[in-house]
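Engineer: Following this message is one structure expressed as structure tokens.
Just so it is clear, none of the values below were taken in a lab; they were calculated from the coordinates. Computed from a predicted model, the values in this text were never measured in an experiment. Glycine also receives a Cβ, built like all others from the backbone with ideal geometry; neighbour counts cover every protein chain displayed.
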Amino acid sequence: MQANQPLSPRVVSKRGRNAPRSKNGCWTCRTKKVKCDEERPRCGRCLRLQLFCDYAPRQFKCDSLIAPNKPSASSMPTHLPELSNSACSIDLSSADHEAIRYFRTTFASIRHTKNPHYSMYAIIFNMAQREPMVMRAILALGNRELESRRQGIDNGLAVADGRTRKHSVSRVQHYSAALRLMADSLGGGSDVENRPLDIDTIYATLFLMVVYESKYGDARCSGLSNHLAGAAVVLKHHFRFPLQMAITSPDQPSKVALMQRGQENNGQSLSLFSARVLVYLATHDASASTFGLGGEINAALNQILPTQNPGASMMNGPAARLHRFSYPLYRTIWGNDYPQSELLDDVNNRDIFALATARAQLRFMVAQLAKLHGELARQRCLEIGLFVQDVESRFGELLEVAGQLSIATDSSQRLVANIRNIVPQYYATLIEFGRVKRRLGLDDSPPSEDHMRNIMNLALQMFKHQGDEALVRIAWPLFIVGLETSDELHREWILSRFQAMGCYGKNIQRAHRFLMTAVKLKALHMNLGGVMDLERIQSESEDLKLFVI
């Protein structure tokens, strides 16, 4: 993948079974119980397999993910080994090393169903080993996750201790450092005018910051809004031409997985990585638009890659085209090391992720409809109706299979897990479409009981096999059902699940408080024009904060 990458000091010496046993090897080798040749800054095995070589001193078992609650030599900083031609040598504490391991394992597994060793998060971590800005963002996110897990996010699930405070201090420092590096990259550094923007690095960092803010952002969602707006500015002013050339040109050159720093591309290439990250950012942007925030990324994509008939050409929408363009990402970036099982798994899950991309585009269109009135609203409503027909035609079989899934089927198959995650998102978007039409006076049909029943069936299956943490992925569908359902058992179950999910993010907590208020108002027969309007409820309840789920 990085054939012309200059390596750290050449490691020859003894390897494998001929290497001497040692108690001073790196923790990456010791955790796997394999021999280490003790070369620094990277041992031969880690260099050969492109692994993170961890020489951080510690006084606890090498296979433990949680550090002991006492001062030790592990609090001494160490240096991240250098890769490629970058100077990514950040002083790391024991809390930082723990955050890195958490990010690469638990966090990557929670956020995506793909094998974490070959997922987007593995690609981002490899990038971070040569890009300090990305590493800072990883450390901020990893430390924040561990901090919240230890203290239960103010829910009294655990008592804050010294380790929690270390994670808190570390994540603030790293987040601030990442912001400073981002500012330098976009125009604050002394040499910025003499070099092109490193789009892959910028979008990787922005993506991590958006994930951070979507879980732990402030009560006004200003951090999330700023990062989404920043990604849109980069897209419009620095990435328009490469995007248009890559997506619309019939004579495309060979696709590049990542644009290496210093690589001669004249700013005219779109990497597979940036295309996929743009799809993810557009999805977050669409989610924010439902709550009156964001929308700039999707608007920019629609402007740069317009379609003549958005309603009738769903498969040619900007996000859908980017998704198709990025299909070869994983097999290209891992090359011959990419297992056949992963390759086939990608193909098996291609359609369900295409549905996810279409659903995000539909959610943005519905959010835009909510801002219109009169003839413009009626015209847009017809366009969305055509879009929905296109989705139903293209993904009808997937939706039928989702309706036939049994609770006895576990989520060990990735496609099953993805169906339980993505299909409820689609049905929730249809329910939201109906809510907006009723609020605008374009339709007076009641909420679809079938859509709500499908969401609840899949949510119950997900809860049984994966628990509350998995339900966070479908928090918005559950939120919508909680607003609309007349089934008290379903509503109480949803409220109890939101209370339990509160330990996984501040925005979930805010959504829970909002939902409880909305349910109380509904019980008091407050009609609100026939729809439980989010903005109106927030304006009449001073203690409710903004949130995005």
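Engineer: Please turn the phi angles of segment 293-303 into ³J(HN,Hα) values with the Karplus equation 6.51 cos²θ - 1.76 cosθ + 1.60 (θ = phi - 60°), one per residue in order, whole Hz, x for glycine and proline.
Structural biologist: My calculation for segment 293-303 gives 10, x, x, 5, 5, 5, 5, 5, 5, 5, 6 Hz in order.
Engineer: Next question. Length gain on complete extension for the stretch N316 to Q173, per 0.36 nm per residue less the alpha carbon to alpha carbon distance?
Structural biologist: Extending this stretch completely gives an extra 47.2 nm.
Engineer: Let me ask another. Determine the equivalent ellipsoid of segment 407-476 by diagonalising the alpha-carbon gyration tensor, then write out the semi-axes as square roots of 5 times the eigenvalues, largest first, rounded to whole Å.
Structural biologist: Each semi-axis is the square root of five times an eigenvalue, giving 28, 10, 9 Å.
Engineer: As a footprinting exposure proxy, order M133, M245 by other Cβ within 10 Å, with the fewest listed first.
Structural biologist: Sorted ascending by nearby Cβ count, the order is M245, M133.
Engineer: Once R0 is set to 51 Å, what does the formula 1/(1 + (r/R0)^6) return for the Cβ-Cβ distance between R40 and E492, expressed as a FRET efficiency to the nearest 0.05?
Structural biologist: Calculated transfer efficiency: 0.30.
Engineer: For S445 and E469, compute 0.36 nm times the residue count separating them, minus their Cα-Cα distance, and round to one decimal in nm.
Structural biologist: 5.3 nm
Engineer: When the Cα centres of segment 449-492 and segment 358-434 are compared, how far apart do they sit, in Å?
Structural biologist: 15
Engineer: Next question, about the same structure. So how strong a dipole does segment 376-549 carry about its Cα centre when Lys and Arg Cβ are +1 and Asp and Glu Cβ are -1, to the nearest 20 debye?
Structural biologist: Here segment 376-549 has a charge dipole of around 400 debye.
Engineer: A follow-up question, please. Using Cα-Cα distances under 8 Å and only pairs 6 or more residues apart, what relative contact order does segment 376-549 have, in percent?
Structural biologist: Relative contact order here is 18 percent.
Engineer: Hey, if you put +1 on the Cβ of every Lys and Arg and -1 on every Asp and Glu Cβ in segment 376-549, which of V472, L442, L376 ends up farthest toward the positive end of that dipole?
Structural biologist: V472
Engineer: Listing L139, L405 from the residue with the fewest other Cβ atoms within 10 Å to the one with the most, what is the order?
Structural biologist: Exposure proxy ranking, most exposed first: L405, L139.
Engineer: Can you compute the FRET efficiency between T248 and K23 using 1/(1 + (r/R0)^6), with r the Cβ-Cβ distance and R0 = 60 Å? Round to the nearest 0.05.
Structural biologist: The formula returns an efficiency of 0.55 here.
Engineer: Still on this structure, I have one more. Taking 30 Å as R0, compute the FRET efficiency from the Cβ-Cβ separation of R240 and R378 and round it to 0.05.
Structural biologist: 0.40
Engineer: I've got another one for you. Kindly put L146, L489, L258 in sequence by how many other C-beta atoms sit within 10 Å of each C-beta, fewest to most.
Structural biologist: By the 10 Å Cβ count, ascending, the order reads L489, L258, L146.
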